[in-house]
Amino acid sequence: MAAQVQDVELTLQLGQDDDKLHDAAKDVLQRLLPEWSEFDKSDIKVSKISGGITNVLLKLSPPEGSDLAAVALRVFGDRTEDLIDRQRELRVLLQLNAAGFGAPVVGTFGNGRVETFIPYRPLTEDEMAQPKLSADIARRLAQLHAVNVEGQDEGEVFGLTRQWLRDAKDLKFKTDEQKQRFQQFDLAEMDAEVRSVEEACSGLQSPIVCSHNDLLCGNILVPVDEEALDAAGLPQQAMQFIDFEYCSHMHRGFDWGNHFNEYAGLEADYSKYPDKQQTAHFLHAYLTESTCTTPSEEDVDAAAVEAHAFALASHQFWGTWALYQAAYSAIDFDYLKYAKLRWDEYRKQKVVRLQAVARLASQRQQATAGEN
């Protein structure tokens, strides 16, 4: 089992002005890491790291000339503990760190953690679609899926989505306009749709793996330069994944389909969803890495059906997640609009993709009957 890390009982308040937040972040760092306490707080530089729409991420750098490396301080979004088991997340992340994945954890505090700052940069949505980088992502994902992680729930994405939908009726919104927009969501109908997709996906025989479940461009990093890696004492890893908040034992198809959905970005431009050639290119690289053999065209085609079906589950998952963020998040983002975009795209794609699942199931039954 992975080693434990230091913890301090301090909580950072989101929503306060940047100066107060940065000052509080320095307090956390100096309490957590005594070697930082020798610096005057005014000499510690703080900058915001762009990324997702769940947490606030800050980079804290020591004064010039110090031998200490910069760190990243992550403040969890308000009420995200309602959606994420933070203790389990930490246990999983420490195991993934030991396997060479994620930013190494330095310590934790009341509503966040401190990690080694990795001198990498995130990809853009357009870069994810570039053939070389797409294949690199696929191979790295296959390596993650091969990691044996203890203490994860199995197949929890469907269960979590249904649980969130059951509990969503109790969400409290800040404005009447938000309440009215929320009432447009038919929670019972959405629950039935989740069950329908879960039933269809259960017949795909998608293997259970250590699944990232949130592989958007901001969670895929590539090195800025090799000298920066050396200075930070980090290995020469060509690509790194971060942010394993939603990591679980899940069907591999969910990671594929969810990643393909992320080509659309937060603007939800699904015209960018990978076409047949892009899908095949990614899946061919993944299957080659995971099986150490060259997959057949039939294998790649079947994997594509699997990916596109689980992409439906991804829309349901994040479309429901966004309802909670709309109620509680301090981040300036229109989560209700995002929720509607995700569920609308699900409904647009579900018939064609579930028909493809049915055809694949029929083909497999016929093949099995022919063998007998």
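The values are calculated or read from the model by the stated rules, or taken from the named source; none is laboratory data. What you see is a predicted model, and the numbers here were worked out from it, not measured in a lab. Virtual Cβ from ideal backbone geometry, glycine too; neighbours counted across all protein chains shown. SASA here: full protein model, heavy atoms, side chains in, ligands and nucleic acids out. Shrake-Rupley method; radii C 1.70, N 1.55, O 1.52, S 1.80 Å.
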List every residue pair whose Cβ atoms sit under 6 Å apart, with the two residues 6 or more apart in sequence or on different chains, where the first one lies in segment 327-356 and is over 21 Å from Leu165 (Cα atoms) and the second, anywhere, is modelled with pLDDT of 95 or more. Arg353/His308; Arg353/Ala309; Arg353/Leu312; Leu354/Ala200; Ala356/Val305
Flag if Tyr273 is closer than 15 Å to Trp256 by Cα, open to solvent by 20 Å² or more (accessible area, probe 1.4 Å) and among the aromatic types (Phe, Trp, Tyr): yes
Out of the residues in segment 291-317 meeting the condition of being among the hydroxyl-bearing types (Ser, Thr, Tyr) and assigned to a helix (DSSP H, G or I), tell me which one is nearest to Leu341 (Cα to Cα). Ser314
If you go through segment 301-314 one residue at a time, how many are open to solvent by 10 Å² or more (accessible area, probe 1.4 Å) and either over 22 Å from Val351 (Cα atoms) or aliphatic (A, V, I, L, M) (or both)? 3
With the structure loaded, tell me whether Thr320 is among the β-branched types (Val, Ile, Thr), closer than 21 Å to Pro131 by Cβ and either touching a Ser or Thr at 6+ places or on another chain (Cβ under 8 Å) or not in a helix (DSSP H, G or I) (or both) or whether it fails that test. no
Could you give every pair whose Cβ atoms fall below 9 Å, whose first residue belongs to segment 104-130 and is touching a residue at least 24 places away in the same chain (Cβ under 8 Å) and closer than 19 Å to Pro223 by Cα, and whose second residue is in a strand (DSSP E or B) and open to solvent by 50 Å² or more (accessible area, probe 1.4 Å), counting only separations of at least 6 or pairs across chains? Phe117/Lys59
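When you go through Val147, Val194 one by one, which is the residue that is in contact with a Lys or Arg (Cβ under 6 Å, 6 or more places away or on another chain) and either modelled with pLDDT of 95 or more or part of a loop (DSSP other than H, G, I, E, B) (or both)?
Testing whether each residue is in contact with a Lys or Arg (Cβ under 6 Å, 6 or more places away or on another chain) and either modelled with pLDDT of 95 or more or part of a loop (DSSP other than H, G, I, E, B) (or both) leaves just Val194.
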With respect to Asp43, is the statement that it is touching a Lys or Arg at 6+ places or on another chain (Cβ under 9 Å), free of Cβ contacts under 8 Å to residues at least 24 places away in the same chain and more than 30 Å from Thr320 (Cα to Cα) true? no
